[in-house]
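None of the figures in this text is laboratory data; all of them are computed from the coordinates on show. Here the structure is a predicted model, which means the values were calculated and not measured. Virtual Cβ from ideal backbone geometry, glycine too; neighbours counted across all protein chains shown.
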Amino acid sequence: MASIKKVGVVGCGTMGSGIAIVSSRAGYETFIVDSNEKNLSALMTQSADFFKKSIARGKMSADQLEPTLSRLHTSANLQSLQDCDIVIEAIFEDLQVKHQLFAKLNQICPSHTIFASNTSTISITEIAGGSGRDELFVGMHFCLPAQLMKLVEMSPGLNTSEDAFQKAWDFCISLGQTPVKTQDTPGFILNYFLIPFNNNAIRMVEAGIATPEDIDKAIKASMGYAMGPMQLLDLVGMDTQKLLCHAMHDLTHEPDAACPPLVRRMIAAGHLGKKSGKGFFTYQNSKLFGA
Ligand SMILES: NC(=O)c1ccc[n+]([C@@H]2O[C@H](COP(=O)([O-])OP(=O)(O)OC[C@H]3O[C@@H](n4cnc5c(N)ncnc54)[C@H](O)[C@@H]3O)[C@@H](O)[C@H]2O)c1
């Protein structure tokens, strides 16, 4: 199997934009595709801002700025992924939408290209089933915000070859990330407890038990977390939280995984979180990716 030189990312929203930054920062030519061109131009502006902050904090040398930015190539056309050795998908959390995408990618990409999904809750084996190459399919679940968090939960599907999984694992390490192997289970490790945990925090707000500020204060002060659940939910986005809940509840039927009604009302009101400028908190600067 050829070594990984060119990386594709599909979906330039909250997660895909961070993954693209991680990839270009690690030295890979990175091709990002999104059907929404506004998100692609936002990525270029916001990644320049992010790298400048990294330079100011001494985490990157100034002479790396231009080469790192020039490794990011954006397009609305999937055809631009035709030479990629791995394609990481970070589009909407919907099995049918992901199947449609991978069926197209299977026609476009060379036969050695590894396909990876950043899904949080959908079975890797099920997504792989619609890809036409389930032996080259892996789960690569980055954490939010991907450009700052090291963890990547890596899951083989039932038909994933050991060779492909190892290749994706080595690639993950070459990105400077920390891979952890999990079975192909809804929520993997992190979201298995995080989705019910966050939903219960939302239900506390719904029931008027405490304000979002006080819930975050209590969790941070008692559990040592850097971020409380309400702030995290604003980064995740209510639209994504709803899709995550649906996917996990569908698979597990756990009551705690069911989407709280407040999430639907917030979506209807446009209170998506940081990306729309308002969620549980308000934001002056509504960027695609947080922190
Ligand atoms: N938000 C999180 O906290 C988080 C964390 C880890 C993993 N994930 C997973 O990552 C994936 C993406 O989530 P997100 O929060 O970044 O979503 P998002 O809504 O912020 O971004 C999705 C992007 O995909 C694009 N898109 C949708 N369908 C497309 C298609 N067919 N072709 C090209 N572009 C398309 C949209 O235009 C959008 O820019 C989901 O599978 C989600 O479960 C999310």
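Details
- Residue of THR119, THR240, THR30 that the Gaussian network model of the chain assigns the largest fluctuation, springs spanning Cα pairs under 10 Å: THR240
- In the stretch 1-96, a dipole from Cβ-located charges (positive for Lys and Arg, negative for Asp and Glu) runs towards its positive end, and of PHE31, CYS12, SER47 it is SER47 whose Cα lies farthest in that direction.
- Temperature 4 °C, viscosity 1.567 mPa s: under these conditions the Stokes-Einstein estimate for the stretch 190-276, based on its Kirkwood radius over C-alpha pairs, is 99 µm² per second.
- The chain: relative contact order as a whole-number percent, Cα under 8 Å and 6+ apart: 16
- Estimated from helices alone, the mean residue ellipticity of the chain at 222 nm is -14000 deg cm²/dmol (sum of -39500 (n - 2.57) over DSSP H runs with n ≥ 4, per residue).
- All other residues whose Cβ lies under 14 angstrom from that of GLY129 are scored, Lys and Arg at +1 and Asp and Glu at -1, for a net of -2.
- Of all the options ASP49, ASP239, ASP94, the one that moves most in a Gaussian network model of the chain with Cα springs shorter than 10 angstrom is ASP49.
- When the square roots of the Cα gyration tensor eigenvalues are ordered a ≥ b ≥ c, the ratio a/c for the chain is 1.5 or more and a/b does not exceed b/c, which makes its shape oblate.
- The residue list PHE165, HIS141, ILE114 was ranked by how far each Cα lies along the charge dipole of the stretch 6-181 toward its positive end, using unit charges on Cβ atoms, and HIS141 comes out on top.
- Cysteines in the chain that, by Cβ-Cβ distance, have no pairing candidate under 4.7 Å: CYS12, CYS84, CYS109, CYS143, CYS172
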